[in-house]
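Chemist: Can you keep this structure in mind? I'll have questions shortly.
Values in this text are rule-based calculations from the coordinates and carry no lab data. Everything numeric here is computed off the predicted structure, so don't read it as measured data. FYI the Cβ positions are ideal-geometry reconstructions off the backbone, even for glycines, and counts take in every protein chain you see.
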Amino acid sequence: MNTMTFEEILNRLRATRAWRSIFRRGPARTNRTRSLAIFGNVFLHLLPVKVREQSLRVRATYYLGTISFFMFVVLTLTGILLMFYYHPAVPQAYLDMKDLRFVVSNGVFLRNLHRVAAHVMVIAVFWHMFHVFYRGGYRPPHEFNWAVGVMLLLLTLLLSYTGYLLPWDQLAFWAITVGTNILSAAPFFGSQLRYLLLGGNLVGENALLRFYVLHCVILPLVAALLIGVHFWRIRKDGGLTLREDYERDKK
Amino acid sequence: MTAEKMGEISTRLRAIFALASVAFVAVLAVSPVKDFFQSWKRYEKDYVSYAQTRPDTKRLLADFHPGIDQIWLPEMRVLDRCTTCHQGISQASLRDASVPQPFRAHPAIPHDVKKWGCVICHRGQGPATETSEAHETTLAWEQPLLPIRFIQASCGMCHRADLPQTPKLNRGRELLSQLNCGGCHHLQDIERSAMLGPDLSNVGNKLMRQWIYKWLKEPHTVVDSSGNTVVDGYEMEEEPRMPQFRLTDQEIKALSAYLTTLKGQPIEPFKFDQSVVASLQKSADLADQGEVRFRQMFCTTCHSLAVTQGDETKLIGGDIGPELTKVGSKVNPDWLVAWLRDPQSYLSHALMPRYRWSDQDLYKVTQYINTRLTDPDLLSNVPPLEEPTQEEIRLGQRLFLEKGCASCHVIQGVSPQKDFGPDLAILGSKNVSQLEFGNSNIPRNLISYIQAKITDPLSVNPAARMPQYRLTPTDLDAITTALLSMTGSPANSSLARLVVPRPESAFRPAGAFGELYDRYKCAVCHRFNGDGGNLAPDLSFEGSRAQLQWIAGFLKNPETLRPTLIFRMPQFNITDQEASVIADYLGMVTQSPSVKLSAVDQKQFTPQMAEMGKQLYEVKYQCNACHTIGSAGGYVGPNLSNAGNWLNAAWIEEWLRDPQALVPGTIEPRRSLTDQEVQALTAYVLTLKQKAPPLTTSSAGTKAGGAQ
Amino acid sequence: MSETKNSFEAGVGSNALKTPERVVFITSKTSAQVKERADRQLMSYPQLILREVIAFEVLTIVLVIVALAWDAPLEQLANPLLTPNPAKAPWYFLGLQELLHYFPPLVAGIVIPTLVVVALVVIPYFNVNIKGEPLWAAYRSRRFLIFIVSVGLLLVFLGLYRAWTVLVPTVAIAGLTIVSFFQLKRPYRLISFLQTRPLSWWVMTWFIAVSLTLTVVGTFFRGPGWSWVWPWR
């Protein structure tokens, strides 16, 4: 009974003019309307209309790519909320951490979520890459998408690393100092490169501002762009490569 | 399969979706719920209900504002939310000990609690709104709440000058200076004291090797059952400053061998006038005569001797110089003579004054010291020590540097290592993560670290060079307090303005007087403008008080102004010229602004006035209850027999009007005398001119001018 | 499948009219190639979408539970004068930091990571062994010799630098490779699996083993002055 009424309400809603102006297709009960649901939606049209049943099995992919993408979504959402409470200034950045911990409602939860998601994303992206490699997903015609994936791995690491400095505590300061010291070992223009990244010779307020802009604007935009390309190319390259395909090709 | 089946969801998947969605929503609700039950909100609720049980509910609630309460001092970089839970902190009516925490009010202190916040003094994490985060050490905050018994350390962070309200801190600073911690460590505001350990450049001339061995082995021989330090069998009020180093027998032998070879400037034995020696050697009571001179010269003002009465052994005498009971077993007789004649030529910063000795006196006193002040048992457990070998001497020299001896003891040509011990100027703000605890199982915090490091350095660092100090628990806490107060210079200029600096020594005279001041070590006993010792009268206004001739005469022959005192001014055997230099200087410089010497003319006092003054003195005010004139009177105030030659008229007048204005804290009662009475009493006092019987070096032994 | 697969002119033999399921692209100029298989297809909407939503929900539940139980670390205010010992980079760079302990900064910090990234991007373009032929399938003795010599040289190099935490996983993986070389009568399942692995698999496995070891060692086993410590002590 309840489901019926729920369905009735849904049907009535779908019949309204406003709804129909947004979703032009009817209820997704036929394959045609189901297809329309995918390519009629600006976000979903990156996905193929049909997928192989085998590729939906958990063991086929462990949803590692999906997990990586969802981590990106969670990080974007929590990150935007955190930006409301954060000033990229010394020592205000650190005091903002204290406020998040002690004053802001759910502030500590928000920060924890962001931090956990960041770790999970790094792990998921690495695992994703290894998994794709072992099932031969890098082979033609996927070689370009593989390269995009490697770029996304680097972006993930950079995103995590630039975010590491933002709390402006001892952990952050010294991790960034150690990391950027490696940069200055690069031949010819190592120390210049480091100077460019830090906006100075030491990790200071300039470095904090640069890392903030990189972390919150530049890197996420580039990552979002590449994620779009990555998804789109999966479809264009003929879907996922499954282990079975690889093993079969070998014979 | 049919085409439409491609899009149909299985029941199993639907169920998983339903379950996951419910769990999803439920889990997201946890954090907001947790937020709702935060501990500070509970404390505020409790405060409101507690306020309702108090008689002044209305006022308490009027002052209560729900929400997070914070004190923000941007200049001091302090953000303080303690008052969110400690709601009653400035409510005078909640000061009672029966008020439950965290609502009790702060005890009254000179600072406004609401203006300064809590964490500046009490430490802890100001921004925190949870009990454990605010009070304890966390990863994010390594300065936990300071235990209340060390709270005076916080006063010392800004008040670098000693405050009367902080006795523990002051005692700690005093100890740091006395124990010469600055010898090895850099300490904020604790100047490296001039009184280091003895200069050892020529110590081979002075000491016997056996005695050095004994001393290195047991600088404080034992601690008795009641915890008092016992040196050579009797109690000392203070510890010897030399701490216990961890030395093996071999190391002690090497060090003692090395030290006996230090004879940089060989001393030439003083050639006594042979006739004097010949005449004195005949007398059978030579040592007794020496003892009499020893006492007459008031050596015991600075030096103490052990005296046994019944079962009890006590030290009698002053503690400015070393105790001398067994000094005859310690030093070389030739050195003793050289030392008594000119202490500073052996040790330039010695406190001992340079007396002008007659040959007779010098001979007698040294004989007394060498024969009577000895103890054959002192060195009985020292093993036989052979001639020092080259190997021992080399090892000793190395040890002298390695063990840090050079930080306290000077040896010419041996330079101490720079920054021998760690810099302690910011010890009080060190983080736990910066401290090395080694394998010890003490609690991981700054306080237990400091105390372990002082009392048992090996427990926290097996390779520690730091010697072991034995302090009473009170002194240990005091020194800990002083160390905790050292938190470095303020982070910015607005904080620096709050610091009350430690006063520099104000009185550093120059010129001819400066030399004498240094030679006779006046400041060891006397105070000048707030600087110096407390043993003898403050001389800041001596020029206003005393007549110049009297000062000169007193210096040459210190009579006793206050007969009840054991400690008196020693007889320095000052020359006439020196006496007049000192008197002139005191007369010129040490003037009180309120005493106008030129305003009072001696001639204005008539005998009638003096007669009236005598009446007032004897009858109306009964001054003789405290003061002595001739042979009659009390012993509380100074003897006035010779006051007419001693005091300035203007001083007497001013003194009679308001004694406490001239010498704060004096016990002389302030009477409301009329001007006429003041003048009459002054006139009378000025007539008192009885010479006390003179004491000179030549009148030795005949009259017992003994102190005790 | 066809022998000409490598040139992207696959499946010419199939008759598109007879087997309408099979779609074949002939020309090598097209950017992509779709190989249709005879397995079941599902509609992305709602089959894929729903699964992804469930994945998102499960993931979020796990994240939230972890976020409630574990607090993100926050140490004291940054202080350039107070160097912690050891100062560690984020965990995913600790493998590099561990390498820096053994090799000069230019090699460990710049050359090796750059090479790894370039190799990852470039290798698919070389079409080496696209079939995934097992390492020991042909030229057995010659390959074995080359393998032994190159691994031997690598081990000598690592030994000279005393890079033990690189050397140990290298020895382990090389050992497995050698084991898979010998053809046993009744091999274990693991060994028969390893015998079918191509060279690329071995290289990647070696890379993962080394980076995992380095990261774990750098995270848990390194103390003051980058000295070896036991995390449970």
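Chemist: Could you put B:Trp211, A:Trp146 in order, starting from the residue whose Cβ has the fewest other Cβ atoms within 10 Å?
Modeler: B:Trp211, A:Trp146
Chemist: What is the distance in Å between the Cα centres of the range B:574-636 and the range C:168-215?
Modeler: 109 Å
Chemist: Taking just the C-alpha trace of the range B:555-685, give me its Rg and Dmax in Å.
Modeler: 15.8, 44
Chemist: Can you give the relative contact order of the range A:158-251 as a percent, counting alpha carbon pairs under 8 Å and 6+ residues apart?
Modeler: 24 percent.
Chemist: Averaged across B:26-38, how many Cβ atoms of other chains sit within 10 Å of each residue's Cβ atom?
Modeler: 4
Chemist: Looking at the calculated P(r) for chain B, what percent of the C-alpha pair distances fall above 34 Å?
Modeler: In whole percent, the share of Cα-Cα pairs in chain B beyond 34 Å is 63.
Chemist: Based on alpha-carbon positions alone, could you give the equivalent ellipsoid semi-axes of the range A:78-251 from the gyration tensor, as √(5λ), descending, whole Å?
Modeler: Rounded to whole Å, the semi-axes are 36, 21, 13.
Chemist: Divide, for the protein assembly as shown, the radius of gyration over alpha carbons by 2.2 N^0.38 Å, where N is the residue count.
Modeler: So the Cα radius of gyration is 1.41 times the expected 2.2 N^0.38 Å.
Chemist: Ok, one more. Against the longest principal axis of chain B, how steep is helix B:576-589, in degrees 0 to 90 to the nearest 10, with axes from Cα atoms?
Modeler: With rounding to tens, the tilt is 40 degrees.
Chemist: Order of B:Tyr684, B:Tyr585, A:Tyr62 from fewest to most other C-beta atoms within 10 Å?
Modeler: Ascending number of Cβ neighbours within 10 Å: A:Tyr62, B:Tyr585, B:Tyr684.
Chemist: Could you work out the relative contact order of chain B? I mean the mean sequence separation of Cα pairs under 8 Å and 6+ apart, divided by the number of residues, in percent.
Modeler: 12 percent
Chemist: Let me ask something additional. In the range C:91-226, what is the volume of the convex hull around the alpha carbon atoms, normalised per residue and reported in Å³?
Modeler: Value for the range C:91-226: 127 Å³ per residue.
Chemist: Of B:Lys34/B:Lys115; A:Lys98/B:Lys168; B:Lys206/B:Lys453; B:Lys253/B:Lys453; B:Lys330/B:Lys453; B:Lys263/B:Lys330, which ones are farther than 25 Å apart at the Cα?
Modeler: Beyond 25 Å: B:Lys34/B:Lys115; A:Lys98/B:Lys168; B:Lys206/B:Lys453; B:Lys253/B:Lys453; B:Lys330/B:Lys453.
Chemist: Hey, got the average number of other protein chain Cβ atoms within 10 angstrom for residues in C:196-208?
Modeler: Taking all residues of C:196-208 together, the mean is 2.
Chemist: Another one. Using the alpha-carbon centroid of each, what span in Å lies between the range B:423-443 and the range B:260-275?
Modeler: 50 Å
Chemist: Summing +1 for each Lys or Arg and -1 for each Asp or Glu, what net charge is found among the other residues whose Cβ lies under 14 Å from the Cβ of B:Asp46?
Modeler: +4
Chemist: Taking amide H positions as placed in the peptide plane 1.01 Å from N, state which residues far from B:Met486 in sequence (5 or more) or on other chains have amide H under 5 Å from it.
Modeler: Correct list: B:Gly428.
Chemist: Can you give the translational diffusion coefficient of the range B:399-446 in µm²/s, computed by Stokes-Einstein from the Kirkwood radius over Cα pairs at 37 °C and 0.692 mPa s?
Modeler: For the chosen part, D equals 245 µm²/s.
Chemist: Let me ask something else about it. Could you give me the ³J(HN,Hα) list for the range B:263-280, computed from phi with Karplus coefficients 6.51, -1.76, 1.60 and θ = phi - 60°, whole Hz, x at Gly and Pro?
Modeler: These are the phi-based 3J(HN,Hα) values: 10, x, 10, x, 8, 8, x, 5, 8, 5, 4, 4, 5, 5, 4, 4, 5, 6 Hz.
Chemist: Sorting check: for B:83-96, C:147-160, B:250-263, B:476-489, which peptide has the highest mean count of neighbouring beta carbons within 10 Å, and how do the rest follow?
Modeler: By packing density, highest mean first, the sequence is B:476-489, B:250-263, B:83-96, C:147-160.
Chemist: Can you give the average number of partner chain beta-carbon atoms within 10 Å of each beta-carbon in peptide B:138-147, as a whole number?
Modeler: Mean shielding count: 3.
Chemist: So what is log10(I(q)/I(0)) for the range B:52-110 at q = 0.13, 0.27 1/Å, when the Debye sum runs over its Cα atoms only?
Modeler: Values returned for q = 0.13, 0.27 Å⁻¹ are -0.38, -1.20.
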